[in-house]
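The values are calculated or read from the model by the stated rules, or taken from the named source; none is laboratory data. On a predicted model such as this, the values are computed, not experimentally measured, just so you know. Cβ coordinates were reconstructed from backbone atoms using ideal geometry, including for glycine residues, and neighbour counts include every protein chain displayed. Note: areas computed on protein heavy atoms with side chains; ligands, DNA, RNA excluded. Shrake-Rupley method; radii C 1.70, N 1.55, O 1.52, S 1.80 Å.
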Amino acid sequence: GRELSRLRAFVPQRMPVPAGVTVREAVTIGRSSHLKMLGRLTGEDRAAIDASLERAGVARFGERSLTTLSGGELQRVQIAIGLAQEAPVLLLDEPFAPLDAGRTLHIASILLEEAARGVAFVVAVHDPNVALELATRVLLVEAGRIVADGPIDEILNDDALLRIHGGGWALARRLGDGARRWVPAAVTR
């Protein structure tokens, strides 16, 4: 338990929301694998908790009860919990699902910053465009089985989208910077 928590942090799609627990308390619990004997917080622990709350954009409501938060706010708290663990691997299950576009971009930028610091992250997503923005490697899973594994440019293609989403997609390039996006094929006509 405790040693595994130091090696990897897990951000579930939905977290349990216990009554009476504040945002700050939840992030502190997430930091528990680092706490010394008797669970005393060090200055380093407090700094990591504060930084995680700030980076995830939830510091301003740190004293609110989890039960008062929206789905998107809860998701950002889960991100803060994962960051507070300071593990070398961060596993996230559909972390963008309840977020609006601005918050999605914010969390994506945090993940890319973590990657630049040497943290590996594994993200389960259904949107191929999120994979295009974040991934270097892709695992395609169908009915609980890995059906393809490799570099994103080799794996995320027309055949993959046909298999996963039933087709009707086209890869488009944005004018100006040439960024790739999967769009409904009708948009490119």
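At a glance:
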quantity: In degrees, nearest ten, helix 43-55 long axis to first principal axis of the chain (Cα); calculated: 40
quantity: Cβ-defined net charge surrounding L140, 15 Å radius [Lys, Arg +1; Asp, Glu -1]; calculated: -4
quantity: DSSP bridge orientation in the chain - percent antiparallel, rounded to nearest 5; calculated: 55
quantity: Rg/Rh ratio calculated on Cα atoms of region 39-126 (Kirkwood radius); calculated: 0.96
quantity: Efficiency of FRET between D50 and T136 - r from beta-carbon atoms, R0 25 angstrom, step 0.05; calculated: 0.20
quantity: Spherically averaged projected area in nm², based on the convex hull that wraps the Cα atoms of region 83-175; calculated: 7.3
quantity: Probe 1.4 Å, accessible area per residue of the chain, Å²; calculated: 57
quantity: Accessible surface of the chain [probe 1.4 Å, protein heavy atoms]: carbon and sulfur percent; calculated: 56
quantity: For the chain, built as a Gaussian network whose Cα springs stay under 10 Å, the top-fluctuating residue of L175, L99, L139; calculated: L175
